[in-house]
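The values are calculated or read from the model by the stated rules, or taken from the named source; none is laboratory data. Predicted, not measured: the structure shown is a model, and the values here were computed from it. Counting neighbours? That spans all protein chains shown, and the Cβs are built from the backbone with ideal geometry, glycine included. In case anyone asks, the SASA skips ligands and DNA or RNA and just uses the protein heavy atoms, side chains included. Shrake-Rupley method; radii C 1.70, N 1.55, O 1.52, S 1.80 Å.
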Amino acid sequence: MSHPAQVRVPATYMRGGTSKGVFFRLQDLPEAARVPGEARDKLLLRVIGSPDPYQKQTDGMGGATSSTSKTVILAEPTQPDHDVDYLFGQVSIDKPFVDWSGNCGNLTAAVGAFAINGGFVSQDRIPENGFCTVRIWQANIRKTIVAQIPITNGEVQETGDFELDGVTFPAAEVQVEFMDPADGDGAMFPTGNVVDDLEVPGVGTLRATMINAGIPTIFVNAEDIGYTGTELQDAINSDPKALAMFETIRSHGAVKMGLIGHVDEAASRQHTPKVAFVAAPVNYVASSGKQINADDIDVLVRALSMGKLHHAMMGTAAVAIATASAVPGTLVNLAAGGGDRTDVTFGHPSGTLRVGAEASQVNGQWTATKAIMSRSARILMEGWVRVPGDSF
């Protein structure tokens, strides 16, 4: 009996922010996977090790969490004045699908470095020392992202002293600007309101801010669902009833936001929208044991990704948090004390994060011009991934 040989595919394994994933250049993919479709999805699923009923991804590159079950494809830019196209695929852990509906803000920090190393940025644009500005076209959401990549001796600098809660070791700081982060095809607040009454069967009627900036996100008050906003992962992820409640909130919020037509469709759209809960600052101890003081933060936020409480904060959700905080009257803004603001420091399970955002009203509708945050990125391994030749 003959068995298919393994296929080698050039790839780079990178950390970006508090996530990590497998990065590919489009031209390096097997020909059948160079276009969207079943072959591409099957290839990426096999690379990551999904679907895995054991939810460990032992036979692949995934790390069995939403933060580590990620893939990136970079290609020549399709838009003028950009350096690279960035396509993100969130790979389900236990189901056979790849969600292409949103961006990964954390991995964005690694895209700029990969674009430079992968030959997408012209050599004459890379300084000997300083910063290289990489203009990224985020193909999932059709938005521009600008990354400032530190350069030393003509090469990407990865090591440094910048510390990011949720990442064990310091590295070089990468500033990322999300330009015009609100949904370009619709309103930043899809319902037209900064706060809505969201009817959730089995839960009740919740006050909710539903925003599409960075990534579609549903914010509710922690106290309305029985939480304090200081919870760590185990408090949520070890509670099946809590996870079911959050999924119900997410699916009904998705319908109200117009992202899906019926709650049954939410199961095949796990990456978006996100659901998060907020509270006013109080002291708490982060997952690392670090003491977080109420005086050092503006608001507490906990967010779920792919059905589980995130260990830190998704980069795109951080954009949503910052943008919502800049709009008076949203639940995020009110939990942060109300008023006008251009930045927010929020507490998450691993520590704190400061994000800047600018929002204004145009013709009676709120819009965001940009959101800015600092992240870091590092190559973990480079070479080839191998997959069985009959897997895609």
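Per-residue extension of 0.36 nm, minus the Cα-Cα distance of Asp295 and Ile225, leaves a gain of 22.7 nm for this segment.
Test of understanding: in a Gaussian network model of the chain with alpha carbons linked when under 10 Å, which of Ala32, Ala266, Ala110 would top the mean-square fluctuation ranking? Ranking Ala32, Ala266, Ala110 by mean-square fluctuation puts Ala32 first. Is the range 92-153 rounded, prolate or oblate when judged by the Cα gyration tensor, a ≥ b ≥ c being the square roots of its eigenvalues, rounded requiring a/c under 1.5 and prolate requiring a/b larger than b/c? Because a/c hits 1.5 or more and a/b exceeds b/c, the range 92-153 counts as prolate. Averaging Cα coordinates gives a centre for the range 229-253 and one for the range 277-306; these two points are 16 Å apart.
Cross-link partners for Lys56 among the lysines, with Cα-Cα distance under 19 Å and sequence neighbours closer than 8 places in the same chain left out: Lys20, Lys42, Lys70, Lys95, Lys308. The alpha carbon gyration tensor of the range 265-392 gives principal lengths a ≥ b ≥ c with a/c of 1.5 or higher and a/b greater than b/c, which makes the shape prolate. Using a probe of 1.4 angstrom and keeping all protein chains present, the accessible surface of the range 252-302 works out to 43 square angstrom per residue. The convex hull defined by the C-alpha atoms of the range 244-337 has an orientation-averaged projected area of 6.6 nm². Assuming 1.567 mPa s and 4 °C, estimate D for the range 1-70 with Stokes-Einstein, Rh taken as the Kirkwood radius over Cα pairs, in µm²/s. Translational diffusion coefficient: 99 µm²/s. For the range 159-254, the gyration tensor built on C-alpha atoms gives an oblate shape. Its axis ratio a/c (a ≥ b ≥ c) is at least 1.5, and a/b is not larger than b/c. Full extension of the segment from Gln27 to Val285, taken as 0.36 nm per residue of separation minus the current Cα-Cα distance, would add 88.3 nm. Per-atom-type breakdown for the range 1-135 gives carbon and sulfur 52% of the accessible area (1.4 Å probe, protein chains only). Computed from the C-alpha gyration tensor, the three semi-axes of the ellipsoid equivalent to the range 143-188 are 29, 15, 5 Å, from longest to shortest.
Length gained on full extension, Thr369 to Arg34, computed as 0.36 nm times the residue gap minus the Cα-Cα distance: 117.3 nm.
Solvent-free Debye calculation, one equal scatterer per alpha-carbon of the chain: log10 I(q)/I(0) at 0.11, 0.14 Å⁻¹ equals -0.76, -1.24. Annotation for Val362 and Ile126: the two label points, set 7 Å from Cα along the Cα-Cβ direction, are 3.5 nm apart.
Roughly what would the spin-label model give for Phe162 and Gln55, points 7 Å off Cα along C-beta, in nm? Going by the 7 Å Cα→Cβ label model, 3.3 nm.
Restricting attention to the range 14-143, close to 65% of DSSP beta bridges with both partner residues there are antiparallel. The distance from the alpha carbon centre of the range 208-227 to that of the range 81-140 is 28 Å, rounded to a whole number. Averaged per residue, the range 311-392 has 38 square angstrom of accessible surface, using a 1.4 angstrom probe with ligands and nucleic acids left out. A Förster distance of 25 Å, applied to the separation of the beta-carbon atoms of Ala235 and Arg354, puts the FRET efficiency at 0.50. The mean accessible area for residues of the range 97-195, using a 1.4 Å probe and ignoring ligands and nucleic acids, is 43 Å² per residue. Expressed as a whole percent, the accessible surface of the range 183-222 that belongs to carbon and sulfur atoms is 37, based on a 1.4 Å probe. Rg then Dmax, both in Å and based on the Cα atoms of the range 164-215: 17.0, 47.
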